[in-house]
Structure formats: C-alpha cells, structure tokens
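Asker: Before anything else, here's the structure in question.
Any read-out appearing in this document is the output of simple, stated calculations on the displayed coordinates, not a laboratory observation. The shown structure was predicted, so the numbers you read here are calculated from the model rather than taken from an experiment.
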Amino acid sequence: MQLEHGDGKLSNNTINGFETMLHDCVDEAVRHRNSVNKYSPDELRDSRGEFTSGELKQVEQRVFTRLQVATQTRLSKLETGEIGEKIALQFVKSQLGLPDAQALHAQASINLPADLIADHELFEIKTGLVSNGSGAQQWRATIGQPGKQETEWLKHASPEDKATWNAQKSEAIIARKQQALQDYSRKLGTPVHGKTIGIILNPDTHTCDIHVLDGWHLRIGWHSKLGQDSYKGSFSY
C-alpha cells in the first residue's frame with residue numbers, strides 16, 4: 001500500500017506550510033540580526049528565575065566519560081531539548097562570538113529544520129543526557145510522528161516497506177535542512193553554512209559538554225571519532 005503519492009515519495013502535506021513559515025522566520029532574523037538586546041527570553045535563568053549574564057562558565061571536568069551516569073533530576077525529552085537550545089544560544093553568542101544569534105523556534109509554531117541562526121551560519125541543536133544508556137549515547141535526527149494515514153499504512157506494511165519508507169523520511173530530513181540553507185543564503189545574499197551543536201547534559205550538576213560539527217548529520221555516536229573530535233569544552237549553566 002502506498003500513501004498519498006503513488007511514486008513512493010513523501011507527501012507535501014507532511015510539511016505543509018513549512019516554506020512560508022521558514023521564510024517568515026528568516027525575514028525576521030535578517031531584520032533583527034544587528035539589533036541585540038542584553039537579555040532575551042531565550043537566555044538562561046538562575047535558580048530564582050532571574051536572567052543570567054548570558055555567559056557560560058567553562059569547567060575542567062567533562063560530563064561524559066564514556067559511561068552512563070545515574071542522575072536524580074528527571075527531565076522530559078522536551079525539557080532536555082529546551083535547556084540544550086538555551087545553552088547553545090549562549091554558547092554561540094559568548095564562545096563563538098556571534099552576538100546576533102537568535103532562536104528560530106521562538107518565531108515559529110511548527111518544527112523547523114534548524115534551531116538557531118547567527119551571522120552566516122544556521123545551527124541544529126541536539127541534546128542528550130549523561131544518564132542515557134549505551135544504546136542512546138548519540139545525537140540523531142528524529143523522524144516526526146506519522147499522521148493518521150501514514151499510521152494506518154504502517155500497521156499493514158512489511159518490514160521491508162517500513163525500512164524503505166523510513167529511509168526516505170531520513171533523506172527528506174536532510175533535504176529540508178539543505179533547503180533552509182538555500183533560503184537563508186538567498187535572503188542574506190551570501191553563502192550560509194550549516195552546523196550541528198551536540199550537547200550532553202548532567203542536570204544534577206548543571207554542567208554540560210558541548211560539541212560543534214560542520215554540516216547536518218542523521219546520527220553521531222558520542223563514542224565515535226567524529227563525536228570525540230568535535231568536543232569544544234565543558235561548561236556550567
């Protein structure tokens with residue numbers, strides 16, 4: 001059985017309205033890229049809920065030492081992602097020296113293919129917890145939840161068809177990110193580069209490891225050479 005399009009391609013309905021929303025977000029970012037406030041809603045807060053200075057403090061001890069660490073603090077996937085995006089925003093501003101960095105998600109109500117924009121770079125943020133088991137010690141692109149029609153089809157699809165379908169969806173993830181680069185490049189009138197920021201959190205100690213990689217990736221293992229070579233430092237937040 002095939003979904004809406006008989007050619008086996010992803011239906012445009014799965015990203016309906018994305019192009020318009022992305023263009024609006026890029027327009028907003030370009031308009032304000034040179035207007036930087038001291039504090040923004042995306043900056044980190046302290047234990048009292050007050051805005052911090054926006055700077056991360058570098059620490060010597062790495063969070064991830066190749067072993068799973070049990071933590072007392074429980075964070076949902078959404079909470080983990082939100083903390084990671086705020087940390088990344090401060091990192092890009094203070095450590096990479098790009099004070100015009102802005103969070104794209106704050107300007108959109110749908111899932112966009114990137115999380116931050118700054119100068120001539122578009123960033124995707126991936127965040128994991130130091131308490132992750134060995135099978136989850138990775139940053140990976142997530143395939144969105146299937147719609148009603150896709151869910152029904154998956155109930156009856158063969159393992160081979162499901163594998164093919166998921167491979168197509170993974171390819172579509174990268175295609176969307178490349179399209180975002182092209183759109184932003186066109187808006188700025190200069191080439192824009194994609195980067196990935198990988199973060200490993202320890203919510204008990206409020207510390208994190210930060211990694212920066214060129215380009216987009218479907219999966220990056222924390223133990224891999226690519227993951228290890230991309231390490232930029234550990235910070236308290």
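Asker: Evaluate segment 104-197: find the radius of gyration of its Cα atoms, find its Kirkwood radius, and give the ratio Rg to Rh.
Answerer: Details: Rg = 16.3 Å, Rh = 15.6 Å.
A ratio of 1.04.
Asker: Moving to a separate point now. Cross-link candidates for K86: which lysines have Cα within less than 22 Å, leaving aside residues fewer than 8 places away along the same chain?
Answerer: K38, K57, K77, K126, K177, K195, K232
Asker: Next up: Could you derive backbone 3J(HN,Hα) for segment 220-233 from the dihedral phi with the Karplus parameters 6.51, -1.76 and 1.60 (θ = phi - 60°), listing whole Hz in sequence and x where the residue is Gly or Pro?
Answerer: Values, residue by residue: 9, x, 5, 7, 5, 4, 4, x, 5, 5, 8, 5, 10, x Hz.
Asker: Then there's this: Please turn the phi angles of segment 187-203 into ³J(HN,Hα) values with the Karplus equation 6.51 cos²θ - 1.76 cosθ + 1.60 (θ = phi - 60°), one per residue in order, whole Hz, x for glycine and proline.
Answerer: Karplus values, whole Hz, x for Gly and Pro: 5, 8, x, 8, x, 10, 10, x, 9, 10, 10, x, 10, 10, 9, 10, x.
Asker: Right, here's the next one. Which residues' amide hydrogens lie under 5 Å from the amide hydrogen of L98, considering only partners 5 or more residues apart or on another chain, with H built in the peptide plane?
Answerer: K93
Asker: Can you grab the distance from the C-alpha centre of segment 148-223 to the C-alpha centre of segment 114-147, Å, no decimals?
Answerer: Using only Cα atoms, the two centres lie 7 Å from each other.
Asker: Principal axes first, then extents: for the Cα atoms of segment 62-165, list largest minus smallest coordinate on each axis, whole Å, largest first.
Answerer: Cα extents, longest axis first: 51, 35, 22 Å.
Asker: Related question: Multiply the residue gap between L188 and A136 by 0.36 nm, knock off their C-alpha separation, and tell me the result in nm, one decimal place.
Answerer: Gain on extension, L188 to A136, equals 15.0 nm.
Asker: HN-Hα J couplings of segment 55-66 from phi, Karplus 6.51/-1.76/1.60, θ = phi - 60°, integer Hz, Gly and Pro as x?
Answerer: 10, 8, 9, 6, 10, 7, 6, 6, 6, 9, 10, 6
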